[in-house]
Amino acid sequence: MADGAKKIASPEQGVEMDVTAYFAVRKSWSRKKQLERAGQFHTQKPDQDNVGKLVQDALNGGPYPDDSCVALAHTVKLWTAGPSRTEVVIRSLRRGLETGGGKT
């Protein structure tokens, strides 16, 4: 597991995952086209579901034991004028684990 990473879910809890993949604009494009595309949706290959699955698989054994724990996922692909990168936010789904104050 990477430095600073921690386990946030057990198999029973599940996680929610937001993935934002930034794809660098092509250097062969004109400067004008590069600036126009930056921040726009990336609608070329790879498919967004493949990007999301790749990230989920890569994090197996890290913040969660297996990607089957991912119960809710959202993946966005965008162009960027900067370097390509992927940003991931993972939240534990701890529904029903609160104690006290519940109905009886």
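The values are calculated or read from the model by the stated rules, or taken from the named source; none is laboratory data. Just so it is clear, the model here is predicted, and its values are computed rather than measured. Calculation scope for accessible area: heavy atoms of the full protein, side chains included, ligands and nucleic acids excluded. Shrake-Rupley method; radii C 1.70, N 1.55, O 1.52, S 1.80 Å.
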At 1.4 Å probe size, with no ligands or nucleic acids counted, give the accessible surface of TRP79 in Å², nearest ten. 10
For LEU35, what accessible surface area do you get with a 1.4 Å probe? Give it in Å², rounded to 10. 100
Surface/4 of the Cα convex hull for the stretch 10-61, nm²: 4.8
Read phi for every residue in the stretch 83-92 and hand back ³J(HN,Hα) as whole Hz from Karplus 6.51 cos²θ - 1.76 cosθ + 1.60, θ = phi - 60°, with x for Gly and Pro. x, 4, 6, 10, 10, 10, 10, 10, 10, 6
Rounded to the nearest 10 Å², the 1.4 Å probe accessible area of LYS53 is 90
Amide H of HIS42: which non-local residues (sequence gap of 5 or more, or other chain) have their own amide H closer than 5 Å, using H built in the peptide plane? LYS77, LEU78, TRP79
Residue-wise, which Karplus ³J(HN,Hα) couplings in Hz belong to the stretch 30-47, taking 6.51 cos²θ - 1.76 cosθ + 1.60, θ = phi - 60°, and x for glycine or proline? 5, 4, 4, 5, 4, 5, 5, 6, 3, x, 7, 5, 8, 10, 10, 5, x, 5
